[in-house]
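Step one of this worksheet: look at the structure below.
The values are calculated or read from the model by the stated rules, or taken from the named source; none is laboratory data. The model shown is predicted, which means the values in this text are computed figures rather than measured ones. Virtual Cβ from ideal backbone geometry, glycine too; neighbours counted across all protein chains shown.
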Amino acid sequence: MQDILTAPVFSQHLDQIFTIHIDGMDPVELTLTEVEITKLSTLDARYGLSPEEWRTPFSLMFRGPYDPLLPQRLYDFSHPEMGDFQIFIVPLGRGKTGTTYQSVFT
């Protein structure tokens, strides 16, 4: 599953809906609004991994409904093409268009 959680894969699904499944609640739909690739430092040893084993760090931004506000934690996501997977999201704030969430991959 790890191999599909990359910036190029998520970039193919910008502006698409991802569904979060939470026990005891109706599913919550989030729209992927941004995929940002993090520039690697030449000093970044990537925790002792060889360069071939590195995954380029990136972050995702999602927009969800104003309510419910989802606390930061690991969630079960699903997407029609990507399937089922888990990612950790953090709420960044609420605005007129809903709530913004971020997930960071290193």
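Table for the structure above
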| quantity | calculated |
| --- | --- |
| Filter result (touching a residue at least 40 places away in the same chain (Cβ under 8 Å) and under 29 Å from Lys39 (Cβ atoms)) within segment 71-88 | Tyr75, Phe77, His79, Glu81, Met82, Phe85, Ile87 |
| Scope segment 63-95; condition in a loop (DSSP other than H, G, I, E, B) and touching a Phe, Trp or Tyr at 6+ places or on another chain (Cβ under 9 Å); matching residues | Leu70, Gln72, Met82 |
| Matching residues in segment 1-20 - criterion: being at pLDDT below 95 and in contact with a strand residue (DSSP E or B) (Cβ under 6 Å, 6 or more places away or on another chain) | Met1, Ala7 |
| Residue list for segment 59-92, filter: of a type in the set (Asp, Glu) and under 18 Å from Leu14 (Cβ atoms) | Glu81 |
| Inter-residue pairs, beta-carbon under 6 Å, first surrounded by 13 or more Cβ atoms within 10 Å (Cβ to Cβ) and in segment 19-33, second among the basic types (Lys, Arg), 6+ apart | Thr31/Arg63; Thr33/Arg63 |
| Members of segment 1-16 that are outside any loop (DSSP other than H, G, I, E, B) and either free of Cβ contacts under 8 Å to residues at least 60 places away in the same chain or surrounded by 15 or more Cβ atoms within 10 Å (Cβ to Cβ) (or both) | Gln2, Asp3, Ala7, Pro8, Phe10, Ser11 |
| In segment 96-106, residue surrounded by the fewest Cβ atoms within 10 Å (Cβ to Cβ) [restricted to those that are over 15 Å from Ser59 (Cα atoms) and touching a Phe, Trp or Tyr at 6+ places or on another chain (Cβ under 8 Å)] | Gly98 |
